[in-house]
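Everything on this sheet refers to the single structure shown next.
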Amino acid sequence: MRWKLTVRVGPKVTRSTFVAVAEALDELEARARELAVTAPDKVVDAKFKRFEPVEQVVARLELAGPERFVSSVRVGVDVRGDGSMEAYRGRVRREVIAERDSESALTALRRTVAQDDHDG
């Protein structure tokens, strides 16, 4: 069983594989926090519309596993231009993972992965 982490920052894509889901989640969290700190926090004016930093996805981190071809768990985190994060489930049809009480997006992601991994 392998877990695949894909990190997209602008046009740059990096992929890593992990044997344990805990290792993959630790790396995803470390990279997401690093990218959130360095988020540009700039308004983009596209002539027809202004995009505030919170509306811009500056990085997307996706985790898939443990199966090789058709992963039963597909989750990720979008890092916004203002440094905020939003966790989601799915790939083509992404569903936002609701944060409970004082959870962060990363904590909600970990909870969902533990739930999906246990259910599968």
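Observations, loosely collected:
- Scanning the range 46-95 for residues that are hydroxyl-bearing (Ser, Thr, Tyr), within 22 Å of Gln115 (Cβ to Cβ) and under 15 Å from the mean Cα position of the chain (by Cα) returns a single hit, Tyr88.
- Which numbered condition Phe18 misses (of (1) surrounded by 12 or more Cβ atoms within 10 Å (Cβ to Cβ); (2) under 18 Å from Lys4 (Cα atoms); (3) at pLDDT below 90): (3)
- Residue list for the range 77-120, restricted to those being more than 21 Å from Arg33 (Cβ to Cβ) and acidic (Asp, Glu): Glu95, Asp116, Asp117, Asp119
- Selection within the range 35-62 - in a loop (DSSP other than H, G, I, E, B) and surrounded by fewer than 18 Cβ atoms within 10 Å (Cβ to Cβ): Thr38, Pro40, Asp41, Lys42, Val43, Ala46, Lys47, Phe48, Lys49, Glu52
- Members of the range 1-29 that are under 15 Å from the mean Cα position of the chain (by Cα), part of a strand (DSSP E or B) and within 19 Å of Asp116 (Cβ to Cβ): Trp3, Lys4, Leu5, Thr6
- Residues considered: Ala32, Ala87, Ala108. Of these, the only one that is modelled with pLDDT of 90 or more, part of a strand (DSSP E or B), touching a strand residue (DSSP E or B) at 6+ places or on another chain (Cβ under 7 Å) and among the small types (Gly, Ala, Ser) is Ala87.
- Counted residues, the range 63-75 - those being in a strand (DSSP E or B) and either closer than 20 Å to Val43 by Cβ or free of Cβ contacts under 8 Å to residues at least 24 places away in the same chain (or both): 1
The values are calculated or read from the model by the stated rules, or taken from the named source; none is laboratory data. Computed from a prediction, not measured in an experiment: that's the story for all the values here. Quick reminder, even Gly has a Cβ in these numbers, built from the backbone with ideal geometry, and neighbours come from all protein chains shown.
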